[in-house]
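A.B. asks: Before I ask anything, here is the structure I am working with.
Taken together, the values in this text are just the output of simple stated rules run on the coordinates, not laboratory data. Given the structure is predicted, the values throughout are model-derived calculations rather than measurements. Glycine gets a Cβ as well: all are built from the backbone with ideal geometry, and neighbour counts include every protein chain shown.
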Amino acid sequence: MGQAIALETGVATLGNMEAIQFHPTAIVPVGILTTEGCRGDGGILRDVDGYRFMPDYEPEKKELASRDVVSRRMTEHIRKGKGVKSKYGDHLWLDITILGRAHIEKNLREVKDICESFLGIDPAVDWIPVRPTQHYSMGGIRTDHRGESRTLKGLFSCGEAACWDMHGFNRLGGNSVAETVVSGMLCAEFISDYCESPESNIDISTKTISSFINAEQEKLEHFLKPKENGEKAYELRRAMEDIMMAKVGIFRNGNDLQEAVDELRDLLKRSQNIEVKCQSLAASPELFNAYRVQRMLKLALCSAKGALERTESRGAHSREDFPERDDKFWLKRTLATWVSPNDLEPTLSYEELDVTKMELPPGFRGYGKDMTIHHEDTQQRTDEVETLREKMQDEGKTRFEVQEALMPYNSQLPEIYQGKNERLREKFDD
Ligand SMILES: Cc1cc2nc3c(=O)[nH]c(=O)nc-3n(C[C@H](O)[C@H](O)[C@H](O)COP(=O)(O)OP(=O)(O)OC[C@H]3O[C@@H](n4cnc5c(N)ncnc54)[C@H](O)[C@@H]3O)c2cc1C
């Protein structure tokens, strides 16, 4: 909702909304995730025949490949007809029985509880029905390093709601801890500084505020009015979910994405005619859903349109028709704005990345064959970083001096965090 509110200002931008991570092992049908610890501890994936298929696709990493890779392989395998048919769609099996009851009850107790409560099975004996599901949004409200929107002063965002650059187009499992703790700590400091500064004086007339509240109130009341061919918000939401899973999912291609954009536009148009039957303006789940669904559709359109325009594969964004990562053309963030309330899709623009300023220039980070179209500055910057690092190390420079030379950031931290960060077994006096 926060992202949608920011989008609807028409001023704040959302960044990289097409970058969506999928998690391989959500239980079917309810979609609750079983931790990756299941595979980390030795659990394996099996198909309809009970066959362990991951070693065929990823001989080296097997089930321990990164979550986007495992999700893609599972989808590929299901597409080959190797999924288990169920009335909730095809799925595969996660087998942790091989870990033994003692291990499961000690280390994977939460998984056991989920299986018992939501599936009525015992994972020490039964295989768990799983399939990949949408998990984490790398994109969000585009901010600067302080967590402030780059285009709307005074709007701060951090954590999963933000595009703060902790992640690019993918995210390592567990990185939310770093994100919430680090960005929470830094952005909170900047927010409190901002609130104490004269900059934060909000000079907005009460008339502007009351006209906004009245407009929102009118929207809510409009939902309650009887209409010819009134639309049901739940149906629109379900249709949106189906489109997103089928056409803006783990594998994407131009035709599906174009259809997704067209169909989502149509749903957004239809959402203007939503009719809520329950006439209460208070605590009404039906009204709550109606109020949200239009905004969800706008966010879905940002993801679908961004994915359609991004004619390459990068991190979690996997295009069947453009399998290469194209650093030459696509080393840039997608920015989405909703210029006018009557628009049916976002306006996209792009923010270029500068390879010559990077401490870690883009390299091959994938599996198997390198499918990268490299940026012309990458090799030069890689050599520059290596040479400088070696030279400074030979000269006995500290890691702080090396960091300062390669990519200085200390001055961008809130003042109280500008000291040297100690590592284990390091102790600084100052
Ligand atoms: C099942 C699951 C398992 C995960 N496992 C891991 C893991 O093992 N490791 C890892 O690193 N990450 C994991 N993640 C991701 C991680 O949990 C999230 O990325 C992280 O919690 C996001 O934190 P946040 O503070 O940014 O947002 P949230 O935790 O979503 O907090 C946002 C808060 O804002 C509140 N809020 C929303 N709208 C409003 C409003 N209008 N007004 C007031 N309040 C509002 C919400 O109620 C919520 O409390 C997992 C996610 C899921 C769903």
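A.B. asks: Among the aspartates and glutamates, which fall within straight-line cross-link reach of Lys106, defined as a Cα-Cα distance under 19 Å, with same-chain neighbours fewer than 8 residues apart omitted?
C.D. replies: Within reach: Glu36, Asp41, Asp95, Glu116, Asp122, Asp126.
A.B. asks: In whole Hz and in residue order, list the ³J(HN,Hα) couplings for segment 407-417 that follow from phi through the Karplus curve 6.51 cos²θ - 1.76 cosθ + 1.60, θ = phi - 60°; x for Gly and Pro.
C.D. replies: Values, residue by residue: 7, x, 9, 4, 5, 8, 7, x, 3, 5, 9 Hz.
A.B. asks: Taking θ as phi - 60°, what are the ³J(HN,Hα) couplings along segment 21-30 by the Karplus curve (6.51, -1.76, 1.60), each to the nearest whole Hz, with x for Gly and Pro?
C.D. replies: Running phi through 6.51 cos²θ - 1.76 cosθ + 1.60 with θ = phi - 60° gives 8, 9, 9, x, 10, 8, 6, 9, x, 6 Hz.
A.B. asks: Let me ask another. Work out the charge dipole of the chain with +1 on the Cβ of Lys and Arg and -1 on the Cβ of Asp and Glu about the Cα centre, then indicate which of Val30, Ala260, Ala215 is farthest towards its positive end.
C.D. replies: Of the candidates, Val30 comes out farthest on the positive side.
A.B. asks: Which chymotrypsin sites (Phe, Trp or Tyr not before Pro) in segment 53-115 pass both tests, a DSSP loop state and at most 14 other beta-carbon atoms within 10 Å? Could the numbers behind the result be given before it?
C.D. replies: Details: sites: Phe53, Tyr57, Tyr88, Trp93; in loops: Phe53, Tyr88.
The qualifying sites are Tyr88.
A.B. asks: Still on this structure: Starting from the Cα-Cα distance between Lys332 and Ile98, subtract it from 0.36 nm times their residue separation and give me the gain in nm to one decimal. Don't skip to the end; give the middle numbers.
C.D. replies: Numbers: separation 234, 0.36 × 234 = 84.24 nm, distance 4.47 nm.
Contour length minus the Cα-Cα distance gives 79.8 nm.
A.B. asks: Using θ = phi - 60° and the Karplus form 6.51 cos²θ - 1.76 cosθ + 1.60, what ³J(HN,Hα) does each residue of segment 341-357 get, whole Hz, x for Gly and Pro?
C.D. replies: Result, ordered by residue: x, 7, 4, 10, 7, x, 9, 9, 9, 9, 10, 6, 9, 9, 4, 5, 9 Hz.
A.B. asks: Additional query: Order the peptides 156-162, 68-74 from the highest to the lowest mean number of other Cβ atoms within 10 Å of their residues. Walk me through the numbers before you get to the answer.
C.D. replies: Numbers: 156-162: 20.9, 68-74: 23.4.
By packing density, highest mean first, the sequence is 68-74, 156-162.
A.B. asks: Further question on the same structure: Taking H as built 1.01 Å from N, whose amide H comes closer than 5 Å to the amide H of Ala162, not counting residues under 5 places away?
C.D. replies: Ile141
A.B. asks: Starting from the Cα of Lys427, draw a straight line to each of the lysines and keep only those under 21 Å, dropping any in the same chain fewer than 8 residues away.
C.D. replies: Cross-link targets: Lys397.
A.B. asks: Show me 22-32, 133-143 ranked by packing, highest mean number of other Cβ atoms within 10 Å first. Walk me through the numbers before you get to the answer.
C.D. replies: Numbers: 22-32: 19.6, 133-143: 22.9.
Packing proxy ranking, top to bottom: 133-143, 22-32.
A.B. asks: Under a crude label model (7 Å from the Cα following the beta-carbon direction), how far is Asp354 from Leu281 in nanometres?
C.D. replies: 5.2 nm
A.B. asks: Let me ask something else. Alpha carbon centre of segment 74-116 versus segment 119-145: separation in Å?
C.D. replies: Segment 74-116 and segment 119-145 have Cα centres separated by 12 Å.
A.B. asks: Looking at the P(r) of segment 11-78, how many percent of alpha-carbon pairs lie beyond 21 Å? Spell out each step's value before the answer.
C.D. replies: Details: 683 of 2278 pairs.
Summing the P(r) of segment 11-78 above 21 Å gives 30 percent of all pairs.
A.B. asks: What relative contact order, as a whole-number percentage, does the chain give when Cα pairs under 8 Å and 6 or more residues apart are counted?
C.D. replies: Numbers: 642 pairs, mean separation 74.5, N = 430.
For the chain, the relative contact order is 17 percent.
A.B. asks: Once you have the Cα-Cα distance between Asn214 and Glu76, take 0.36 nm times their residue separation minus that, and quote the gain in nm to one decimal.
C.D. replies: Working: separation 138, 0.36 × 138 = 49.68 nm, distance 5.02 nm.
Result for the pair: 44.7 nm of gain on full extension.
A.B. asks: Give, in nm to one decimal, the length gained when the segment between Glu395 and Lys207 is fully stretched (0.36 nm per residue of separation minus the Cα-Cα distance). Intermediate values should be presented prior to the final figure.
C.D. replies: Numbers: separation 188, 0.36 × 188 = 67.68 nm, distance 6.40 nm.
Residue separation times 0.36 nm, minus the Cα-Cα distance, leaves 61.3 nm.
A.B. asks: Also, I was wondering about something else. Quickly rank 188-196, 411-419, 298-306 as a protection proxy: mean count of other C-beta atoms within 10 Å, highest first.
C.D. replies: Values: 188-196: 14.3, 411-419: 11.1, 298-306: 25.4.
Top of the packing list down: 298-306, 188-196, 411-419.
A.B. asks: Using the Cα gyration tensor of the chain, with a ≥ b ≥ c the square roots of its eigenvalues, what is the shape: rounded (a/c below 1.5), prolate (a/b larger than b/c) or oblate (neither)? Don't skip to the answer; put the middle values down first.
C.D. replies: Numbers: a/c = 1.59, a/b = 1.05, b/c = 1.51.
Oblate, since a/c reaches 1.5 and b/c is not below a/b.
A.B. asks: How about segment 311-415: which trypsin sites (Lys or Arg not before Pro) there are in a DSSP loop, with at most 11 other Cβ atoms within 10 Å of their Cβ?
C.D. replies: Working: sites: Arg314, Arg319, Arg325, Lys328, Lys332, Arg333, Lys357, Arg365, Lys369, Arg381, Arg389, Lys391, Lys397, Arg399; in loops: Arg365, Lys369, Lys397.
Sites meeting the loop and neighbour criteria: Lys369.
A.B. asks: On to the next question. Using the structure shown, list the pairs from Lys112/Lys247; Lys269/Lys298; Lys80/Lys247; Lys225/Lys269; Lys269/Lys305 with a Cα-Cα distance above 21 Å, or answer none. Don't jump to the answer; show the numbers that get you there.
C.D. replies: Working: Lys112/Lys247 33 Å; Lys269/Lys298 11 Å; Lys80/Lys247 18 Å; Lys225/Lys269 17 Å; Lys269/Lys305 16 Å.
Check vs 21 Å cut-off fails for Lys112/Lys247.
A.B. asks: First measure r as the distance between the Cβ atoms of Val48 and Lys106, then evaluate 1/(1 + (r/R0)^6) with R0 = 30 Å and state the FRET efficiency to the nearest 0.05.
C.D. replies: Working: r = 31 Å, r/R0 = 1.03.
Calculated transfer efficiency: 0.45.
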